[in-house]
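One structure below.
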Amino acid sequence: METLSLAPFQGITDVVYRNVFKKHFCGIDKFYTPFFTGIQKDNSKSLRGEEISPEFNDVKTVVPQILSNTAEEIVRFASQCKSMGYPEFNLNMGCPFPRVANKTRGCGLMADPNRTIKMLSDVFDGIDGIKFSIKCRLGYYNDEEINAFIETFNSLPFSEIIVHPRIGKQMYTGEASLERFKALIPLINKPLVYNGDIFDVEKYNIVKKSSQSVALGRGLLTNPFLAEEIKDIDNQQDKKQRLHNFVVDLYINRLHHAGGSPKIIGSMKELWKYMMNIFDDPQNVWRKVKKVNHLDEYENAVEKVFNEHNLII
Ligand SMILES: Cc1cc2nc3c(=O)[nH]c(=O)nc-3n(C[C@H](O)[C@H](O)[C@H](O)COP(=O)(O)O)c2cc1C
């Protein structure tokens, strides 16, 4: 049976998105949180909010992610995740932004294999009773960097390895290389999860020939029906109405969560940058949403989008 997960997006797939998504759509088996940072203490303040609290998250299907470059901080994170009941946590080894990678964090970890391998090994020495997975790219500067990690991926008990087969320097340009992912399969003895550029069922079916486990990213943000389509769940009825309900519910929940602050318009716009592509005339949809600054303007723009445009999916 295929496993579909949702890759994390800082600023978009927060607890509100994850819960509202689950209320309106099916097909996603597992959700990774956007990364946490700054776990300086036990009972860290950044781990006390709704974003990770078991009261608001289904610990069985949510995997908290950390961005860090020290075993000490990662172990501290793991032990707090464990005490909240999470069976698994994930380390971000893929974030390509220079201000992250230049500090040997995210994808920058891949450019410093000696230090990173020692860190990963120290993490396993420090954790107990919680699964440890990673999300990485092929490398930061070049696509051979991952080779230095293969022995470690095989010898340490990672629960899974998500590979987004690009290099960090590419950011999100070019194409994710399914060929390079395929070449890793016989070399790594851990469950591999493919992530990258799956925007439709056709592409998913090509990837599925090599990987049963897939993390969907921008494809699902763009088309929230994608997991249902992949799993052949009958969803042809009322798609526009369902999407409308989802968008409104997400907005209301975000607003509630943020105490009514119009700042949430920013995160709604981030999502619309992707979602506009399932409407006819996407640029026109984007123009309507992009220019709004106030809550009432946003609400009017959304109503206009749904009144004046049709879905092309
Ligand atoms: C705005 C943005 C925020 C992201 N935040 C995270 C994050 O917090 N953690 C992470 O592992 N990946 C993050 N990613 C990467 C995505 O999870 C995913 O790996 C990437 O988009 C490639 O998959 P896709 O082609 O299916 O979108 C982010 C990507 C974008 C564009």
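Laboratory data are not the source of any read-out in this text; all were calculated from the coordinates shown. What you see is a predicted model; the values in this text were computed from it and never measured. Virtual Cβ from ideal backbone geometry, glycine too; neighbours counted across all protein chains shown.
If I fit a long axis through the Cα atoms of helix 15-24 and take the longest principal axis of the Cα atoms of the chain, what angle between them do I get, 0 to 90°, rounded to 10?
60 degrees
What list of ³J(HN,Hα) couplings, whole Hz, do you get for segment 153-164 from phi and the Karplus terms 6.51, -1.76, 1.60, once you set θ to phi - 60° and write x for glycine and proline?
So the Karplus estimates, Gly and Pro as x, are 4, 7, 8, 9, x, 4, 7, 6, 10, 8, 10, 9 Hz.
So if R0 is 41 Å, what FRET efficiency would residue 42 and residue 212 give, r being the distance between their Cβ atoms, rounded to the nearest 0.05?
Values: r = 38 Å, r/R0 = 0.92.
Result of the calculation: an efficiency of 0.65.
Relative to the longest principal Cα axis of the chain, at what angle does helix 239-257 sit, 0 to 90 degrees, rounded to 10?
Approximately 70 degrees, to the nearest ten.
Straight-line reach from residue 190: which lysines have a Cα under 16 Å away, not including same-chain ones fewer than 8 places off?
Filter leaves 131, 135, 182.
In a GNM of the chain with a 10 Å cut-off on Cα contacts, which of 83, 267, 177 has the highest mean-square fluctuation?
Between 83, 267, 177, it is 83 that shows the largest mean-square fluctuation.
How big is the antiparallel share of DSSP beta bridges in the chain, given as a percent to the nearest 5?
5 percent
Pull up the cross-link candidates among the aspartates and glutamates for residue 288, meaning alpha carbon to alpha carbon under 14 Å and not fewer than 8 places away within one chain.
Filter leaves 270, 280, 296, 297, 299, 303, 308.
Grab every C-alpha pair in the chain, bin the distances at 10 angstrom width from 0 up to the longest one, and report whole percents.
6, 26, 33, 25, 9, 1
Identify all lysines with a Cα-Cα distance to residue 290 below 16 Å; exclude those on the same chain that are fewer than 8 residues away in sequence.
Of all the lysines, those that pass the test against residue 290 - Cα under 16 Å, at least 8 places apart if same chain - are 263, 269, 273, 304.
Taking amide H positions as placed in the peptide plane 1.01 Å from N, state which residues far from residue 3 in sequence (5 or more) or on other chains have amide H under 5 Å from it.
213, 214
Between segment 251-310 and segment 171-248, how far is it from one alpha carbon centroid to the other, in angstrom?
Value for the Cα centre distance between the two parts: 24 Å.
So what's the angle, to the nearest 10 degrees on a 0 to 90 scale, between helix 113-126 and the longest Cα principal axis of the chain?
The angle comes out near 90 degrees.
Under unit Cβ charges (Lys, Arg +1; Asp, Glu -1), what dipole magnitude, rounded to 20 debye, does segment 109-232 have relative to its Cα centre? Intermediate results must be reported in sequence, preceding the final value.
Numbers: 15 positive and 17 negative charges, 11 e Å.
Here segment 109-232 has a charge dipole of around 60 debye.
Read phi for every residue in segment 283-300 and hand back ³J(HN,Hα) as whole Hz from Karplus 6.51 cos²θ - 1.76 cosθ + 1.60, θ = phi - 60°, with x for Gly and Pro.
Computed from phi, the couplings for segment 283-300 are 5, 5, 4, 4, 4, 5, 7, 4, 7, 7, 10, 10, 4, 5, 5, 4, 4, 5 Hz.
GNM, the chain, Cα, under 10 Å: largest mean-square fluctuation among 134, 198, 185?
Among 134, 198, 185, the largest GNM mean-square fluctuation belongs to 185.
Please check: in the Gaussian network model of the chain (C-alpha springs, under 10 Å), which one of 156, 91, 226 has the largest mean-square fluctuation.
Highest fluctuation among the options: 156.
Give the calculated FRET efficiency between residue 185 and residue 70 to the nearest 0.05, with a Förster radius of 35 Å applied to their Cβ-Cβ distance.
The pair residue 185/residue 70 has a calculated efficiency of 0.70.
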